[in-house]
């Protein structure tokens, strides 16, 4: 019994006392001390913060988990070395050759068609659409892509938009090789930006810049105009707004769900048996990401074209987005988390911070008043 008492007293000594952090006049005298655990009981803000420290699901969404080493033993190390020789010495040069041949075929066809058939829009768009699908197929072949498509292939219809979870920019390439989508995507620098402003604009793609507030209004207008066109390519949107590591789905932006049209969900799930397809754009350029894929054994994934969804009576666009996110998450076996993907790039809004501060202050004052009675 004395042992239990001593343990209890030691725990009391270790337990933080809020009186040590506040001025003496701020706390009225009471018979019972105000401990940090009391604040955790009554403050949702502190409870939420403590939970975030214990289970940091936000950071986990944007972090690639390296596989555990398996090759550091006398039996497997020689095989691993042989695999490195095959991947870098045989497969990689062959894949570079495949991609080079693909670009030669594509450019030698695309440039004449783009400039010589300007007066024949119908034929030009049809041929350019086919050529974009072709070069995307060459990209998938350069990774030895093993892609299984489930469900009916998307068709060109007005007033519909396709939405998918987002792991890497290669999501677009994998989907584009089957159907020439017009995608809405962040504007990128370098050679990727050059492709965006030249080749991909031919299929009606729309670009935006996260740092430009005016871009949101322009993009919203272009989206509404695009879905009305009968001959326009199907519109593809990644509503998470950023790449997530294919274990989670973050909150969907509501823009795609307030257009008043049919939403067609697409679920993409990568198998990490040969390579992790997640692109951490803050740590790795897209060129290095492609190099990593081209020096792996294969890129393996499944794509599901799911049942089209419409806004239900009385349902808000935010609720509609959450319902579609749930459909995609269940099909791809992804865990939903209540995070805004833009927090990866920007600090939380000052208004949100002020509301949290006010909530904490009010709960703290109420607790002090209760202790003073």
- Note on the structure: Most exposed to least, judged by fewest other Cβ atoms within 10 Å, 270, 75, 248, 130 sort to 75, 130, 248, 270
- Note on the structure: From fewest to most C-beta neighbours within 10 Å, the residues 294, 178 line up as 178, 294
- For the range 177-309, evaluate the Debye formula with one uniform point scatterer on each Cα (no solvent term) and list log10 I(q)/I(0) at q = 0.10, 0.17 Å⁻¹, rounded to two decimals. -0.38, -1.16
- Listing 103, 72, 123 from the residue with the fewest other Cβ atoms within 10 Å to the one with the most, what is the order? 72, 123, 103
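No lab work stands behind these numbers, since they all come straight from the coordinates. In this text, all values refer to a predicted model and were calculated from it rather than measured experimentally. Here Cβ is always computed from backbone atoms with ideal geometry, including for glycine, and neighbour counts include all displayed protein chains.
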